[in-house]
Amino acid sequence: MRIVFLGYGEIGATVLAGITAVHETALVVTHPTRFSRLNEPHVGIVAADLELPVLEARHAREEHVVEAVRAARPDVLVSANWRTIIPQHVLEIPALLPLNVHDALLPGYAGFGAVNWAIRNGESRTGLTVHVMDPELDTGPVLWQVTVPIDDDDTATTVQQRLLKEYPGAVLAALERAESGVLPVPQTAEGPSFYHRITEADTRIDWALPTRRLLDLVRAHSDPFVNAWCLSAGRKLYIKRAARPARPHRGTPGLVVRHTDGGATVTCGHSWEPGADGIVLLEVRPEDGPPVSATELLRPGHRLE
């Protein structure tokens, strides 16, 4: 089939390379490299290597993009990590369908930061959904889904890499179904949810939370995402790695109580409630310095906020 591709970053480049190996890619549209200061040139590099025509734009509504997409006469529009809304008059251009691949099992976790939110919420699985785009974000009917497990020791980094391997196959499977005339299935009415963009303020640690919730927060914001953080002596301290203590440590939330289990153990949650077992901080990064072992920076008796 004849494809017009809109995408950005490593995800976009991975999908582009996969679909171009099977289908004719008539046009690639990507954001400028420093779009929103993300500095991800991946799609442009892959398009150049494959000698594909490329346009840069912040929004698909820009007139030069609309004209180029129309001139390309696509059968299908494919979106992968395109980071702005695609207007209805562009979605209507392809002869068959406009498709998007989303990093969750829709209708749950529509919106932004799906992998991070899923781990924060303690989910045991996530996945990819290839769906028809409509004017409302991530609500269109589904052509294909892939399920990916989230293990207890997974981080956002490991889950993202697992998903990345599934992107090309998921999109190709959906394209094959579209070409065969398979009709997309409307999303179920059960369990829909929409999540907003995660800001740095959303990653601040609340030491009143129980151990499991704090561990999930830390692993949900592994590198290269903004790490979970707290205040130490009035300055930001980013938590890069943490673990559960071998035995519960309870008391005042946010107090560094001892060095044990290879790190600095901090009490958390309400001591009279189940699950308030403390957390071992293994690696931290002060806002003005490199990552260090938590024991180098945090002494027993120190209070974190």
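Observations on the model:
- Region 1-40, subset touching a strand residue (DSSP E or B) at 6+ places or on another chain (Cβ under 9 Å) and free of Cβ contacts under 8 Å to residues at least 24 places away in the same chain, residue surrounded by the most Cβ atoms within 10 Å (Cβ to Cβ): THR33
- Of all residue pairs spaced 6 or more apart or on separate chains, those with beta-carbon atoms under 7 Å, a first member in region 129-155 that is over 29 Å from SER180 (Cα atoms) and a second member that is assigned to a loop (DSSP other than H, G, I, E, B) are PRO149/SER124; ILE150/GLU123; ILE150/SER124; THR155/SER222.
- Whenever a residue of region 94-106 is closer than 19 Å to THR84 by Cα, its partners that are among the aromatic types (Phe, Trp, Tyr) and open to solvent by less than 20 Å² (accessible area, probe 1.4 Å), lying with C-beta atoms within less than 9 angstrom and at least six residues away or across chains, give the pairs VAL101/TYR167; ASP103/TYR167.
- Residue list for region 106-159, filter: crowded, with 19+ Cβ neighbours inside 10 Å, in contact with a Leu (Cβ under 8 Å, 6 or more places away or on another chain) and part of a loop (DSSP other than H, G, I, E, B): MET133, ASP138
- Remark: pairs (first residue in region 196-223, free of Cβ contacts under 8 Å to residues at least 12 places away in the same chain; second residue of a type in the set (A, V, I, L, M) and open to solvent by less than 80 Å² (accessible area, probe 1.4 Å); Cβ separation under 6 Å; 6+ apart in sequence or on different chains) are absent.
- Only one of the numbered conditions (1) under 21 Å from ARG213 (Cα atoms); (2) under 28 Å from the mean Cα position of the chain (by Cα) is not met by PRO286, and that is (1).
- From the options ARG58, ARG70, ARG83, residue that is open to solvent by 30 Å² or more (accessible area, probe 1.4 Å) and closer than 18 Å to THR25 by Cα: ARG70
The values are calculated or read from the model by the stated rules, or taken from the named source; none is laboratory data. These numbers were taken from a predicted model, which means no experiment stands behind them. Cβ sites come from the backbone with ideal geometry, for glycine too, and all protein chains shown count toward neighbours. Keep in mind that these areas ignore ligands, DNA and RNA; they rest on the heavy atoms of the full protein, side chains included. Shrake-Rupley method; radii C 1.70, N 1.55, O 1.52, S 1.80 Å.
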